[in-house]
Amino acid sequence: MKTSLGKYLSNKKSNKAKIASIIGLTEDRMNALSNESTAILYADEFYPILYVANFYAGVTIDRFDDSVTEIFPDRKKGVLVDKFNNLSPTAKLFSIYTQPKRDVEALIGMPKNKMSKFASGNTKRATASELINFCDGMNFPLFETFKDLFGEIKI
């Protein structure tokens, strides 16, 4: 059964083998991400897959967020910042950026203590949904955040 990513790629008539080759992913991994519900889609895989698929489908960068919504439809924007809207600008700034990890994890649906695991080494990878949920929760611009973290994709 196709995953949400697999359905998106099919709808865009994407050549999965070509995308995999361009971004350095094996065809087996691309097929797993497209067809196996148990395959974990990591953020560092998702970004180049979506970028390249959109490029060849003629979907512009300004539609990146819309593309993400097609794959992850139940997004909750602002859950990490909206609760501070009634504070002064200074209080809001400090409150947003000093939230306890456990609160952030709970609000974005991340497993307990996972943020601490990211800080314990550079081999830990965030899933696509974790990174998207965090960006949405903080109202960060999604495409720019992915680009800043993982670099510019050259085709």
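The values are calculated or read from the model by the stated rules, or taken from the named source; none is laboratory data. Given the structure is predicted, the values throughout are model-derived calculations rather than measurements. Note that we place each Cβ from the backbone using ideal geometry, even for glycine, and neighbour counts take in every protein chain shown.
In the stretch 114-129, is there at least one residue being part of a loop (DSSP other than H, G, I, E, B), within 13 Å of the chain's Cα centre (by Cα) and among the charged types (D, E, K, R)? Write out each step before concluding.
Here is the first cut: in the stretch 114-129, the ones part of a loop (DSSP other than H, G, I, E, B) are 120-126.
With the extra rule that they be within 13 Å of the chain's Cα centre (by Cα), the set shrinks to 125-126.
From what's left, among the charged types (D, E, K, R): 125.
Yes.
Do the conditions hold for Lys101, that is, is it over 21 Å from Ile23 (Cα atoms), among the basic types (Lys, Arg) and surrounded by 13 or more Cβ atoms within 10 Å (Cβ to Cβ)? Quick ask: steps written out before the conclusion?
Values: over 21 Å from Ile23 (Cα atoms): yes; among the basic types (Lys, Arg): yes; surrounded by 13 or more Cβ atoms within 10 Å (Cβ to Cβ): yes.
Taking the combined requirement at face value, the residue satisfies it.
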message: Suppose we keep only residues that are surrounded by 15 or more Cβ atoms within 10 Å (Cβ to Cβ) and in a loop (DSSP other than H, G, I, E, B) within the stretch 130-155. Which one would you say is modelled with the lowest pLDDT?
response: Ile153
